[in-house]
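K.L.:
Take this structure, written in structure tokens, and hold onto it; I'll ask about it next.
Rule-based calculations on the coordinates, nothing more; no lab input. Values in this document were obtained by computation on a predicted structure and should not be read as measured data. When we count neighbours, we look across all protein chains shown, and the Cβ atoms used for this are built from the backbone with ideal geometry, even at glycine.
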């Protein structure tokens, strides 16, 4: 939403310098938008680091036995594929594998998932716009609720804000949770 040229001249150069000083080799992101930027855009400007999304990091820690979810969390989770993690970067399995490692969790897939996923409405500045008609996040939330889930899980802070807005709009604060996969894993530790 900002001035891309100014960002490239200022921020990218600053990141490049700081990473060089501290010899940064790997970045772990919690945000799919940041993941996409570090993985696909920063290399054009000489910032070359291994970029890992936190769901991949968590999945690998669980697979290696370094993180062991043990507490049962009885929840039906409609998992939402964020645009920048899924369709832009082809990361679909890691979040589901991390989430699926939690005892008691059932993943309820929405009809529109993975490559056919549906945006939460935050992208392109949509988070800050008031548009006429039914809001995209409310449409997507309705799709999540059609699965019979009592929670919406995602791996993107923007998506979670949009779902939280829809939960509040529908007065479902007491019955439907919106959580990042890392939050659900933390509950199970």
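K.L.:
GNM on the chain, C-alpha springs below 10 Å: top fluctuator among 18, 49, 77?
P.N.:
18
K.L.:
Roughly how tilted is helix 136-145, in degrees to the nearest 10 and between 0 and 90, from the longest Cα axis of the chain?
P.N.:
50 degrees
K.L.:
Could you work out the relative contact order of segment 137-189? I mean the mean sequence separation of Cα pairs under 8 Å and 6+ apart, divided by the number of residues, in percent.
P.N.:
Here the relative contact order equals 42 percent.
K.L.:
Oh, and also: Give the order of 11, 145 when sorted by the count of other beta carbons within 10 angstrom, beginning with the fewest. It would help to have the intermediate numbers written out before the result.
P.N.:
On the way: 11 14, 145 19.
Ascending Cβ contact count within 10 Å gives the list 11, 145.
K.L.:
Please tell me the relative contact order of segment 4-56 in percent, rounded to the nearest whole number, where contacts are Cα pairs under 8 Å and at least six residues apart.
P.N.:
40 percent.
K.L.:
Would you kindly give the portion of the calculated P(r) for segment 1-100 that falls above 16 Å, as a percent of all Cα pairs?
P.N.:
Summing the P(r) tail past 16 Å for segment 1-100 gives 64 percent.
K.L.:
Let me ask something additional. Taking the 0 to 90 degree range and rounding to the nearest ten, how far is the long axis of helix 157-169 tilted relative to the main principal axis of the chain, both from C-alpha atoms?
P.N.:
That works out to roughly 30 degrees.
K.L.:
Using only alpha-carbon positions, what ratio does the radius of gyration of segment 98-142 give when scaled by 2.2 N^0.38 Å? Could the numbers behind the result be given before it?
P.N.:
Numbers: Rg = 13.9 Å, N = 45, 2.2 N^0.38 = 9.3 Å.
Output field value: 1.49.
K.L.:
So what are the three principal axis dimensions of the chain from its Cα atoms, in whole Å, longest to shortest?
P.N.:
Computed over the Cα atoms, the extents are 49, 48, 27 Å.
K.L.:
For the chain, with a Gaussian network of springs between Cα atoms less than 10 Å apart, report the residue from 95, 157, 43 with the top mean-square fluctuation.
P.N.:
Among 95, 157, 43, the largest mean-square fluctuation in the Gaussian network model of the chain belongs to 43.
K.L.:
Hey, what D do you get for segment 4-56 in µm²/s if you plug the Kirkwood alpha-carbon radius into Stokes-Einstein at 10 °C and 1.306 mPa s? Present the calculation step by step, with values, prior to reporting the outcome.
P.N.:
Values: Rh = 11.3 Å.
Once the numbers are plugged in, D ends up at 141 µm²/s.
K.L.:
Something else about it: So for segment 68-188: antiparallel DSSP bridges make up what percent, rounded to the nearest 5?
P.N.:
Antiparallel bridges: around 0 percent, rounded to the nearest 5.
K.L.:
How much length is gained on full extension from residue 168 to residue 21, taking 0.36 nm per residue of separation minus their Cα-Cα distance?
P.N.:
Contour length minus Cα-Cα distance gives 48.4 nm.
K.L.:
Compute the angle between helix 54-63 and the longest alpha-carbon principal axis of the chain, please, reported from 0 to 90 degrees and rounded to the nearest 10.
P.N.:
70 degrees
K.L.:
Using Cα pairs closer than 8 Å and at least 6 residues apart in sequence, work out the relative contact order for the chain, in percent.
P.N.:
23 percent
K.L.:
Further, regarding this structure: Please work out the Cα center distance from segment 150-189 to segment 1-35, rounded to the nearest Å.
P.N.:
Comparing the Cα centres of segment 150-189 and segment 1-35, I get a distance of 28 Å.
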